[in-house]
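Working notes, beginning with the structure itself.
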Amino acid sequence: MKLFITGIGTEIGKTVCSAVLVQHFKAEYWKPIQSGDLHHTDSHKIESWTDHTTCHPEAYRLQLAASPHQSAREENITINLDDFQLPQTDNPLIVEGAGGLMVPISDTTFMIDLIEELNLPTALVVRNYLGCINHSLLSIMALQQRKIKLEYLILNGDFPEDTERVICNFIQKETKIIRIPEISSPDKESIQHAVKKLKITKL
């Protein structure tokens, strides 16, 4: 099982959800691009929140906390899709993207292009906020347009019934739904608790 974790935007809990899935599937972890926070990367967080996880080195480690294309330009780097190679492992692997599907990694390529290049099914992380329905449906449409399999829809936190119903009605029947409880202060204990409460269902 290899899975690419993406989201409907930035700061919606992709790393927390990745930690839960890493723990649940006993998976390894890879963050292809880390922009900023090099002293406390997403790989560092996964290592501290989960049990004995193998975190593979990032393909790009960029200083500026910004969109990857901007961070790379600050360092006179051009990110090329050819530079990304999936880590070799026989174990399950969770790959976490940066931001949402249309985050640019260069002036002409986007996160969705990297997913396509790696040829991985996706898990789309959704969080409740005003506008999340629009962002969710647009993201699902983009994946459908590229014929990228949406393996899981991840509902991160609590949702109004009306919001959840519209988003879930928009996915295809083979897409599974993962509900992850609200985790306000992620640490190893809260991630373990979320794994025990994890619900994976179908429509």
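A 1.4 Å probe run over the chain, with the rest of the protein chains in place, finds 50 Å² accessible per residue. Averaged over residues, the count of other Cβ atoms within 10 Å places the peptides 55-67, 4-16, 31-43 in the sequence 4-16, 31-43, 55-67, highest first. Once you divide the Cα radius of gyration of the stretch 126-189 by 2.2 N^0.38 Å, the number left is 1.18. Only helical runs count toward this figure. For the chain, summing -39,500 (n - 2.57) over DSSP H runs of n ≥ 4 and dividing by all residues gives -10000 deg cm²/dmol at 222 nm.
Annotation: lysines with alpha-carbon distance below 29 angstrom to K197 (same-chain offsets under eight excluded): K2, K14, K26, K31, K45, K149, K173, K176, K188.
All C-alpha pair distances within the stretch 1-102, sorted into 10 Å bins from zero, spread as 16, 49, 31, 4 percent across the bins. Across the stretch 36-154, the volume of the C-alpha convex hull divided among the residues equals 135 Å³ per residue.
Ligands, DNA and RNA left out, the 1.4 Å accessible surface of the chain is 47% carbon and sulfur atoms.
One Cα centroid belongs to the stretch 117-173, the other to the stretch 92-106; the line between them spans 15 Å.
The values are calculated or read from the model by the stated rules, or taken from the named source; none is laboratory data. Computed from a predicted model, the values in this text were never measured in an experiment. All Cβ positions, even for glycine, are placed from backbone atoms using ideal geometry, and neighbour counts span all protein chains on display. Quick note on the areas: whole protein, heavy atoms, side chains included, nothing else; ligands and nucleic acids left out. Shrake-Rupley method; radii C 1.70, N 1.55, O 1.52, S 1.80 Å.
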